[in-house]
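Presented below is the structure to which this report refers.
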Amino acid sequence: MLLIGIISQALLYLCFSLLIGSFLIYLVPNTHRPDINVKKGILMIAIGGIAIFSSFPVLQLILYLAPYDGFIKTLQSVLFSFEVGKAWIFTYIVSNLLFIFVTWVNYRKKNLYAYIGIFFTFLLILALGWSSHAASLDEVKGFITHTIHFTAVSVWIGVLIVVSWFSKNHSNWLNFLKWFTPVALTCFVITIVTGLILMAFVVEFKDYPNSWMIPYGQALLIKHILIVPLLSYAVINSLLIKRKLKKDISFNPKPWAKVESLVILLIFSATAALGEQSPPHATILTKETVSKVFTLLYQGQFKPEMTVQLVFNSASISLMLLAVLFLVLVIISFLKKLPAVMSFIMSLLFVFSVYLSLILSI
């Protein structure tokens, strides 16, 4: 059930990104983007995915409470009394309206249709923020922060995924970078600021290392480490590729944009894992709640009352230096014209090395 929940939430984030990225890119003049072809079927699947995948938390809650009051009574209670249930009903209704809209109109021909599509998608994002964990902790601040955070992520990632996977060619890529680079940078800054605010809802910054002892903290740590190779690809896909295209207009930047999107999918998966785990403020550390990965790699003997302190040793320092080497190889693989997949492997090795270095430093 845990794996199903993680996969469903990761796919939910992907569906949102596809939707908002598709509508946004068709607002951009043809001279400032590659030729894009996002078929209606893709968007219809994405809309259906939002309606289905957003129901999983509701279903999990129903199955958890059903043994106490019966399935039918629990179903009615969750759908009409719990915020997560009411938010899903709203999501289901809006998803159906958007599905009908996409079926009837050609959003690729008129800007008005794309704007309407963005409006419907933003309503769905509002519903997601309404049912978020942050909103349950602080109704106003949590809702607003989560909504801004997810909107910024969806805009940035959505455009990148659509351009990298659904473009027919790489024409006008320089013109595309002229407007997308500042947009991506703005979205990244907003994502970091709102992400730190959301993080503060569930774990105090001084207790961040202590959270590594539970599954939630492990997923959060991996997510944060993944941001580093994501930034390296952002540098490649903006500055380095822009310089490359000025010298060689025939150069195809799409494989590198695709690799960046793959790193983003890993971040989506880590984020989805966070939603399936109990956060630090709601977890009492015991031998049952401690992360199995943590106890496997931790060099000492676990005790529930222990706190995490980092003391780097020869093994952890060596791994951190190795991680730096892998990160440098990501950039070098681009400069040396190696296949983009090689840099992706280097990115994975970087994440693995940094993770091991930190855990072995405890």
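Could you tell me how many of the residues in the range 290-314 are assigned to a loop (DSSP other than H, G, I, E, B) and more than 10 Å from residue 362 (Cα to Cα)?
8
Step by step: first the residues of the range 126-173, then only those that are among the aromatic types (Phe, Trp, Tyr) and in contact (Cβ under 8 Å) with a residue 24 or more places away in the chain, then the one that is farthest from residue 277 (Cα to Cα). Which residue is that?
173
Here are 332, 317: which of them is in a helix (DSSP H, G or I), farther than 18 Å from residue 234 by Cβ and of a type in the set (Val, Ile, Thr)?
Every option except 317 fails the conditions.
Quick one: in the range 317-354, which of the residues that are buried (at least 20 other Cβ atoms within 10 Å of the Cβ) and hydroxyl-bearing (Ser, Thr, Tyr) is nearest to residue 231 (Cα to Cα)?
Step by step, filter the range 317-354, then rank; the result is 347.
Looking at the structure I just gave you, is residue 226 within 30 Å of residue 301 (Cα to Cα), at pLDDT 90 or above, of a type outside the set (Asp, Glu) and touching a Phe, Trp or Tyr at 6+ places or on another chain (Cβ under 6 Å)?
no
Would you confirm whether or not the range 303-313 contains a residue that is in contact with a Pro (Cβ under 6 Å, 6 or more places away or on another chain), touching a residue at least 60 places away in the same chain (Cβ under 8 Å) and within 19 Å of residue 258 (Cα to Cα)?
no
For the range 182-209: of the residues being surrounded by fewer than 13 Cβ atoms within 10 Å (Cβ to Cβ) and not hydrophobic (A, V, I, L, M, F, W, C), which is farthest from residue 134 (Cα to Cα)?
182
Could we say that residue 45 is modelled with pLDDT of 90 or more and out of contact with any helix residue (DSSP H, G or I) (no Cβ under 7 Å at 6 or more places or on another chain) here?
yes
Give the number of residues within the range 14-43 that are surrounded by 13 or more Cβ atoms within 10 Å (Cβ to Cβ), in a helix (DSSP H, G or I) and either free of Cβ contacts under 8 Å to residues at least 40 places away in the same chain or not aliphatic (A, V, I, L, M) (or both).
So the answer is 8.
Of these, 140, 162, which one is closer than 19 Å to residue 19 by Cα and β-branched (Val, Ile, Thr)?
Only one candidate passes the filter, namely 162.
Here is a yes/no grid of residues against (1) more than 25 Å from the chain's Cα centre (by Cα); (2) closer than 12 Å to residue 124 by Cβ; (3) at pLDDT 90 or above:
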residue	(1), (2), (3)
55	no, no, yes
66	yes, no, no
72	yes, no, no
75	yes, no, no
78	yes, no, no
89	no, no, yes
95	no, yes, yes
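I need the full set of residues from the range 165-181 which are within 18 Å of residue 264 (Cα to Cα) and either buried (at least 21 other Cβ atoms within 10 Å of the Cβ) or in contact with a Cys (Cβ under 9 Å, 6 or more places away or on another chain) (or both), in order please.
180
Do we have residue 81 as closer than 17 Å to residue 132 by Cα, free of Cβ contacts under 8 Å to residues at least 40 places away in the same chain, of a type in the set (Ser, Thr, Tyr) and out of contact with any Pro (no Cβ under 9 Å at 6 or more places or on another chain) here?
It is true that residue 81 is closer than 17 Å to residue 132 by Cα, free of Cβ contacts under 8 Å to residues at least 40 places away in the same chain, of a type in the set (Ser, Thr, Tyr) and out of contact with any Pro (no Cβ under 9 Å at 6 or more places or on another chain).
Tell me the residue from 232, 291, 278 that is of a type in the set (Gly, Ala, Ser), crowded, with 18+ Cβ neighbours inside 10 Å and within 25 Å of residue 137 (Cα to Cα), please.
291
How many of the residues making up the range 64-75 are out of contact with any Phe, Trp or Tyr (no Cβ under 8 Å at 6 or more places or on another chain) and surrounded by 13 or more Cβ atoms within 10 Å (Cβ to Cβ)?
Going through the range 64-75 one residue at a time, the tally reaches 3.
Tell me, which helices (runs of 4 or more DSSP H) lie completely within the range 199-289 with 1 or more residues that are within 24 Å of residue 310 (Cβ to Cβ)?
Where helices (runs of 4 or more DSSP H) fall fully within the range 199-289 and carry at least 1 residues being within 24 Å of residue 310 (Cβ to Cβ), they are 215-235, 254-275.
The values are calculated or read from the model by the stated rules, or taken from the named source; none is laboratory data. Since the model is a prediction, treat every value here as computed from it, not as a measurement. Every residue, glycine as well, gets a Cβ built from its backbone with ideal geometry; the counts of neighbours run over all protein chains shown.
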